[in-house]
Amino acid sequence: MAVPPNALKKWEKVRDHALALPGATEEHPWGETVAKVHRKVFVFLGVHDGSYPLGVTVKLTDETAHAHAMACPGAEPAGYGLGRAGWVRIPLETKGAPRADLLCDWVEESYRTVAPKRLAARLDAH
């Protein structure tokens, strides 16, 4: 199954933004792409080879951001019990999927939630 070009562009922009955050690294557990800071995942990027619908999963503890993300077409609480901790999976291939800049904002919020305070503070310095 081919990944729609628009969804792939969003995915690439979100991935690039995530990896540009202070101390961020990319790993591939379970065959997925994830971005971590200080050995903790702050965004699940899934797979982009077309074997599974493209999406991103972020931790949104701010009630407004969480509600906004959950209102996106096809959005759902993350599996494996992560949804109870504020993790939301947002599909990128669905009609009406959020713009890349909004997804990047959510990735940054997820990063701030997971990252050590000293690294998160570096975002405010820029």
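The values are calculated or read from the model by the stated rules, or taken from the named source; none is laboratory data. All values reported here derive from a predicted model rather than from experimental measurement. Note that each Cβ is placed from the backbone with ideal geometry, even for glycine, and that neighbours are counted across all protein chains shown. Quick note on the areas: whole protein, heavy atoms, side chains included, nothing else; ligands and nucleic acids left out. Shrake-Rupley method; radii C 1.70, N 1.55, O 1.52, S 1.80 Å.
So, in region 66-85, of the ones that are assigned to a helix (DSSP H, G or I) and farther than 24 Å from Gly23 by Cα, which residue ends up least open to solvent (accessible area, probe 1.4 Å)? Steps first, please.
Our first condition is that a residue be assigned to a helix (DSSP H, G or I); within region 66-85, this holds for 66-70, 82-85.
Add one more test, that the residue is farther than 24 Å from Gly23 by Cα, and what stays is 66-70, 83-84.
Numbers: His66: 52, Ala67: 60, His68: 92, Ala69: 0, Met70: 63, Gly83: 20, Arg84: 212 Å².
This residue is Ala69.
Out of Val58, Val88, which single residue is in a strand (DSSP E or B) and under 16 Å from Ala24 (Cα atoms)? Let's see the steps before the verdict.
Values: Val88 fails: under 16 Å from Ala24 (Cα atoms).
Selected residue: Val58, the only one of Val58, Val88 that is in a strand (DSSP E or B) and under 16 Å from Ala24 (Cα atoms).
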Which pairs have Cβ atoms under 7 Å, sit 6 or more apart or on different chains, and link a residue in region 70-81 that is closer than 13 Å to Thr94 by Cβ to one that is open to solvent by 40 Å² or more (accessible area, probe 1.4 Å)?
Pro73/Thr94; Pro73/Lys95; Pro73/Gly96; Gly74/Thr94; Ala75/Arg89; Glu76/Arg89
Could you count how many residues in region 75-99 are closer than 9 Å to Gly55 by Cα and more than 14 Å from the chain's Cα centre (by Cα)?
1
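Results for (1) among the small types (Gly, Ala, Ser); (2) touching a helix residue (DSSP H, G or I) at 6+ places or on another chain (Cβ under 9 Å), shown as yes or no for each residue.
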site: Asn6; (1), (2): no, no
site: Trp11; (1), (2): no, yes
site: Ala20; (1), (2): yes, no
site: Trp30; (1), (2): no, no
site: His38; (1), (2): no, yes
site: Gly46; (1), (2): yes, yes
site: Thr61; (1), (2): no, yes
site: Ala67; (1), (2): yes, no
Could you identify the single residue in Glu108, Glu93 that is open to solvent by 30 Å² or more (accessible area, probe 1.4 Å) and part of a helix (DSSP H, G or I)?
Glu108
Does Asp49 fit the bill of being among the acidic types (Asp, Glu), exposed (fewer than 13 other Cβ atoms within 10 Å of the Cβ) and outside any helix (DSSP H, G or I)?
yes
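Just need a number here: residues in region 1-29 that are among the hydrophobic types (A, V, I, L, M, F, W, C), closer than 27 Å to Ala120 by Cα and assigned to a helix (DSSP H, G or I).
First pass over region 1-29, keeping only residues among the hydrophobic types (A, V, I, L, M, F, W, C): 1-3, 7-8, 11, 14, 18-21, 24.
Now drop any that are not closer than 27 Å to Ala120 by Cα, which leaves 11, 14, 18-21, 24.
Filter again for assigned to a helix (DSSP H, G or I), leaving 11, 14, 18-19.
Total satisfying the criteria: 4.
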Of these, His38, His48, which one is under 26 Å from Ala125 (Cβ atoms) and touching a residue at least 24 places away in the same chain (Cβ under 8 Å)?
His38
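Would you point out which residue out of Thr61, Thr57 is touching a residue at least 24 places away in the same chain (Cβ under 8 Å), among the β-branched types (Val, Ile, Thr) and surrounded by fewer than 16 Cβ atoms within 10 Å (Cβ to Cβ)? Walk me through it before giving the result.
Working: Thr57 fails: surrounded by fewer than 16 Cβ atoms within 10 Å (Cβ to Cβ).
Criteria check complete, one pass: Thr61.
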Flag if Lys117 is under 26 Å from Arg39 (Cα atoms), of a type outside the set (A, V, I, L, M, F, W, C) and at pLDDT below 95
yes
Looking at region 15-30, is at least one residue under 15 Å from Glu109 (Cβ atoms) and among the β-branched types (Val, Ile, Thr)?
no
